[in-house]
Amino acid sequence: MVNRFNQTDDKIKHLKQPSLLSTTDTAAIEATVKDIIANVRARGDDAVGEYARTYDRSDIATFEVSIEDRLEAVANLDPQTRKDTEFAIERVKAFAEAQLQTILPLEFDALPGLHLGHRIIPVEIVGAYVPGGRYPILSAPVMTIVPAKVAGCDQVIACLPPNAHPAMIAGCHLSGADRVFKVGGAQAIAAMAFGTETIPAVDKIVGPGNAYVNEAKRQVFGQVGIDQLAGPSEIYIVADETGDAEMIATDLLAQAEHDVRTRVGLITTDQKLAEAALEAVERQLATLPTADVAGAAWRDYGEITVCADEAAMIEYSDHIAAEHLEVHTRDAHSTAAKLRNYGSLFIGKLASVVYSDKCCGTNHTLPTMAAGRYTGGLWVGSYVKVCTHQWLDERGVAAVAPPSVRQSRTEGMEGHRRAAALRLSRQ
């Protein structure tokens with residue numbers, strides 16, 4: 001994390017600080033992933049199959065999930081689970097469609113005879129990585145596949161670990177994946193980046209995964225586009241004295257159960273709320289079935305910070321730039337308007353992260369590790385290119401050729417000067 005926090009010590013104090021850093025030495029992961037990518041690139045399906053046997057203990061003859069198996073996975077869904085999945089798909093689709101309507105083509109007459117513009121062009125082939133993980137996150141394929149279909153991508157392929165829950169295959173199918181492959185890990189990223197005998201090469205890879213998937217995305221970037229490099233999940237809550245300690249503790253632990261490395265924190269202006277939230281977290285952990293995960297995350301990465309005033313709270317929150325940021329203040333909308341760095345913002349006590357994680361419509365694939373300083377999360381705009389164009393008539397040439405000739409001459413670029421001057425000479 002970039003450390004640009006300038007508050008003096010008297011402005012903030014930590015009731016609880018993380019005992020571990022969120023960063024780790026990745027040298028061994030980098031080396032392993034480099035070998036996997038090189039092997040998959042050189043040997044294609046044979047290498048993918050070997051890694052499936054080694055890492056997933058899976059020996060499947062065919063990587064692609066047939067349409068018959070996809071339909072069977074859908075048919076085997078619990079009816080209510082299918083309805084809930086389709087509800088999430090509709091919400092994500094509706095929001096993506098609304099977002100797409102804000103990305104407009106442009107035609108602009110910059111000068112008489114000088115016409116500039118841009119087109120909105122969908123990425124042709126997208127690869128969606130769908131993680132297996134600790135839980136079958138049924139919303140995961142919805143978040144990566146549905147916006148791609150809304151954007152108009154020609155083909156969306158999905159890769160998920162061979163041992164992923166069958167409901168995940170159903171989710172890929174219902175979300176509109178054109179092809180689904182049972183391939184996970186760094187080998188899936190390599191296969192989508194370079195192509196194999198059965199898995200097509202894509203133009204962009206999206207979707208979260210473990211440290212190996214993340215590192216593989218980093219290493220293939222350039223060969224393909226990627227959405228972002230996502231670390232362990234994060235939730236922070238900014239709150240004043242009106243905050244509800246029980247609700248805050250509940251939301252922190254809800255996110256903490258994702259992973260033992262989840263970063264969770266409360267930033268508040270009220271000492272009493274900080275103390276009450278600390279007590280509530282410890283009490284709720286005693287009855288939380290996922291306490292083995294959430295408790296470890298809270299112990300190692302949990303944080304409670306008390307700030308002298310709202311300005312210090314805002315500044316510290318912007319320094320953290322949390323993936324998920326909830327606002328529990330008296331005037332939540334006013335506080336929210338002052339915040340700058342976050343992945344997604346949850347305004348008011350009723351806006352729990354869980355709604356976005358599952359089905360309300362905003363995307364849950366978000367920047368972590370303070371990347372909220374410079375980027376937002378996955379959205380329909382991630383699947384399109386804004387590509388400029390220009391055309392000129394004689395009036396445009398008369399306007400831009402003379403300064404182009406002079407600038408090219410100053411720079412010593414004679415070829416450029418000639419290209420500009422030729423058109424001017426033929427007026």
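Backbone amide hydrogens, once placed in the peptide plane, bring Leu266 within less than 5 Å of Ile237, Glu303, Ile304, Thr305, excluding anything fewer than 5 places away on its chain. Is the shape of segment 103-207 best called rounded, prolate or oblate, per the rule: a/c under 1.5 gives rounded, else a/b larger than b/c gives prolate, else oblate, with a ≥ b ≥ c the square roots of the Cα gyration tensor eigenvalues? Prolate is the answer for segment 103-207, as a/c is 1.5 or above and a/b outweighs b/c.
Projecting the Cα atoms of Ile103, Leu252, Leu20 onto the dipole axis of the chain, where Lys and Arg carry +1 and Asp and Glu carry -1 at the beta carbon, places Ile103 farthest toward the positive end. Is the chain best put as rounded, prolate or oblate by its Cα gyration tensor, with a ≥ b ≥ c the root eigenvalues, rounded for a/c under 1.5, and otherwise prolate when a/b is larger than b/c, oblate when not? Oblate, since a/c reaches 1.5 and b/c is not below a/b.
Summarising the amide proton neighbourhood of Gly225: residues at separation of 5 or more, or on other chains, whose placed amide H is nearer than 5 Å comprise Lys204, Ile205.
Charging the Cβ of each Asp and Glu at -1 and of each Lys and Arg at +1, and nothing else, the dipole of segment 205-339 about its Cα centre rounds to 540 debye. The HN-Hα couplings worked out from phi for segment 168-179 by the Karplus form 6.51 cos²θ - 1.76 cosθ + 1.60 (θ = phi - 60°) are 5, 5, 4, x, 4, 5, 5, 6, x, 4, 6, 9 Hz, whole numbers, x standing for Gly and Pro. Rounded to whole Å, the principal axis extents of the Cα atoms in segment 181-301 read 60, 28, 19, largest first.
Rolling a 1.4 Å probe across the protein heavy atoms gives the chain an accessible surface of 48 Å² per residue. Most simply put, the chain has about 35% antiparallel DSSP beta bridges, counting only bridges with both residues inside it. Measuring from centroid to centroid over Cα atoms, what is the spacing of segment 61-88 and segment 165-240 in Å? For segment 61-88 versus segment 165-240, the Cα centre distance is 19 Å. Distance check, please: which entries in Lys182/Lys217; Lys13/Lys272; Lys16/Lys358; Lys34/Lys204; Lys83/Lys358 exceed 23 angstrom between their Cα atoms? Those over the limit are Lys16/Lys358. The residue among Met369, Met313, Gly381 whose Cα reaches farthest toward the positive pole of the charge dipole of segment 300-389, with charges on the beta-carbon of Lys, Arg, Asp and Glu, is Gly381.
Here segment 68-150 is treated with +1 on each Lys and Arg Cβ and -1 on each Asp and Glu Cβ, and its dipole about the Cα centre works out to around 220 debye. The amide H of Leu111, built 1.01 Å from its N in the peptide plane, has no neighbour under 5 Å, considering only residues 5 or more places off or on other chains. For segment 287-393, which GluC sites (Glu not before Pro) pass both filters: DSSP loop (anything but H, G, I, E, B) and at most 15 other C-beta atoms within 10 Å? When the GluC sites (Glu not before Pro) of segment 287-393 are filtered for loop state and at most 15 Cβ neighbours within 10 Å, nothing remains.
Which value at 222 nm does the chain reach when only helices count, each DSSP H run of 4 or more adding -39,500 (n - 2.57), with the total divided by all residues and rounded to the nearest 500 deg cm²/dmol? Numbers along the way, then the final one.
On the way: 16 runs with 193 residues, N = 427.
Result for the chain: -14000 deg cm²/dmol, rounded to the nearest 500.
Overall, the accessible surface of the chain at a probe of 1.4 angstrom is composed of carbon and sulfur to the extent of 52 percent.
The values are calculated or read from the model by the stated rules, or taken from the named source; none is laboratory data. Note that the coordinates shown come from a computational prediction; the quantities given were computed from them, not determined experimentally. Counting neighbours? That spans all protein chains shown, and the Cβs are built from the backbone with ideal geometry, glycine included. Side chains included, ligands, DNA and RNA excluded: accessible areas come from the protein's heavy atoms. Shrake-Rupley method; radii C 1.70, N 1.55, O 1.52, S 1.80 Å.
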